[in-house]
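Since the structure comes first, as structure tokens, the remarks are kept for the end.
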Amino acid sequence: GVCGAELSLKLEPSDIIAVQEQPLMLHCQVHGIPPITTQWRRNGLLLTQERHYTTFINGSLLIAHFQKTKSDGSSDEGDYECMAQNSFGRVVSRKARIQAASKLLYYS
């Protein structure tokens, strides 16, 4: 096979405590032969491209305003993973757990 044709993850998303109503960036960088398509899943479900979510060319995901509870009852909290695919195959990142920061933090 061609050396370096297979996909490899250069950068995977990490667990984050997110701040309500703040932008949140999840990183995912992939090495491989283009074209590469990158998609994100939350709790196993594919995220659709909408105003709230932006996937950049480099694979990173931007959540415009993190919300623990949205008007439709859904939440931005959950396990996120990025999937990348090219003509040689696909790779899936580790799951990154995204949780909302509680309003008050108590220290014992």
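Only residues that are under 15 Å from K10 (Cα atoms) and among the acidic types (D, E) were counted across segment 31-83, and they come to 1. Of all the criteria given as (1) under 19 Å from A100 (Cβ atoms); (2) at pLDDT below 95; (3) basic (K, R), the one not satisfied by R42 is (2). Taking L45, is it hydrophobic (A, V, I, L, M, F, W, C) and either touching a Lys or Arg at 6+ places or on another chain (Cβ under 8 Å) or closer than 20 Å to S71 by Cα (or both)? Yes. Got a number for residues in segment 63-102 being open to solvent by less than 70 Å² (accessible area, probe 1.4 Å), touching a residue at least 12 places away in the same chain (Cβ under 8 Å) and part of a strand (DSSP E or B)? Count: 14.
Annotation note: Cβ proximity below 7 Å between a residue of segment 9-29 that is closer than 21 Å to T69 by Cα and a residue that is at pLDDT 95 or above and among the aromatic types (F, W, Y) (sequence gap 6+ or interchain) occurs for A18/F66; V19/F66; Q20/F66; E21/F66; Q22/F66; L24/F66; L26/Y80. Against the definition (in a strand (DSSP E or B), β-branched (V, I, T) and either in contact with a helix residue (DSSP H, G or I) (Cβ under 9 Å, 6 or more places away or on another chain) or open to solvent by 30 Å² or more (accessible area, probe 1.4 Å) (or both)), how does T48 come out, yes or no? So T48 fails the test.
The values are calculated or read from the model by the stated rules, or taken from the named source; none is laboratory data. Since the structure is predicted, the reported quantities are computational estimates derived from the model, not experimental observations. As a convention, Cβ positions derive from the backbone with ideal geometry for all residues, glycine included, and neighbour counts pool all protein chains shown. SASA here: full protein model, heavy atoms, side chains in, ligands and nucleic acids out. Shrake-Rupley method; radii C 1.70, N 1.55, O 1.52, S 1.80 Å.
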